[in-house]
């Protein structure tokens, strides 16, 4: 049986729009917070471009404190092709550590766990290979948003 192999697909930075966040509060599923993205950028060996404004995260904070991101966004490549990207994941960070990050401190991402499973959808022939790809994202929380390294699983 072959071992798991991966290669870096791209790095992505996304800025959160703190002014438009919606805190729904405690729902039957957990504490729901909806946050929207101002935009961002991504770059890798085979694709690069911008994260368009308007995407967002329908974050669920579970009873056990685990944050479960549910993200939808649109990428526009530097050659003007659109790629829909959605992902879910597991984000395990102690609340006091998150508050320190939001306060401007830089924390090593080894102090918490943020992993996602991106799925891509595009009509672009050039990037149609993304439609058949399994990917994993490793995330870092910043004071103003999120940074990811997204890997293609080969």
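Looking only at residues of segment 106-123 that are touching a helix residue (DSSP H, G or I) at 6+ places or on another chain (Cβ under 9 Å) and over 11 Å from residue 84 (Cβ atoms), we find that the one that is surrounded by the fewest Cβ atoms within 10 Å (Cβ to Cβ) is 111. When residue 130 is tested against the conditions (1) in a helix (DSSP H, G or I); (2) closer than 23 Å to residue 63 by Cα; (3) under 17 Å from the mean Cα position of the chain (by Cα), the lone failure is (2). Close contacts from segment 98-119, counting a first residue that is in contact (Cβ under 8 Å) with a residue 24 or more places away in the chain and at positive phi and a second that is part of a loop (DSSP other than H, G, I, E, B) and loosely packed, with under 14 Cβ neighbours inside 10 Å, with Cβ to Cβ under 6 Å and a gap of 6+ residues or different chains, come to 104/143. Scanning segment 1-17 for residues that are in contact (Cβ under 8 Å) with a residue 12 or more places away in the chain and over 16 Å from residue 137 (Cα atoms) gives 15, 16, 17. Within segment 68-101, the residues that satisfy the criterion of being within 18 Å of residue 142 (Cα to Cα) and in contact with a helix residue (DSSP H, G or I) (Cβ under 9 Å, 6 or more places away or on another chain) are 93, 94, 97.
In the set 25, 3, which member is loosely packed, with under 14 Cβ neighbours inside 10 Å and not in a strand (DSSP E or B)? Selected residue: 3, the only one of 25, 3 that is loosely packed, with under 14 Cβ neighbours inside 10 Å and not in a strand (DSSP E or B).
A quick yes/no check of all residues on (1) under 26 Å from residue 7 (Cβ atoms); (2) within 17 Å of the chain's Cα centre (by Cα):
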site: 53; (1), (2): no, yes
site: 78; (1), (2): yes, no
site: 105; (1), (2): no, no
site: 112; (1), (2): yes, yes
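With respect to residue 85, is the statement that it is surrounded by 14 or more Cβ atoms within 10 Å (Cβ to Cβ), touching a strand residue (DSSP E or B) at 6+ places or on another chain (Cβ under 6 Å) and either touching a residue at least 12 places away in the same chain (Cβ under 8 Å) or farther than 19 Å from residue 58 by Cα (or both) true? Yes, satisfied.
Bear in mind that the values in this text are calculations on the coordinates, not laboratory data. Computed from a predicted structure; not experimentally measured. Neighbour counts run over all protein chains shown; Cβ positions are idealised from the backbone, glycine included.
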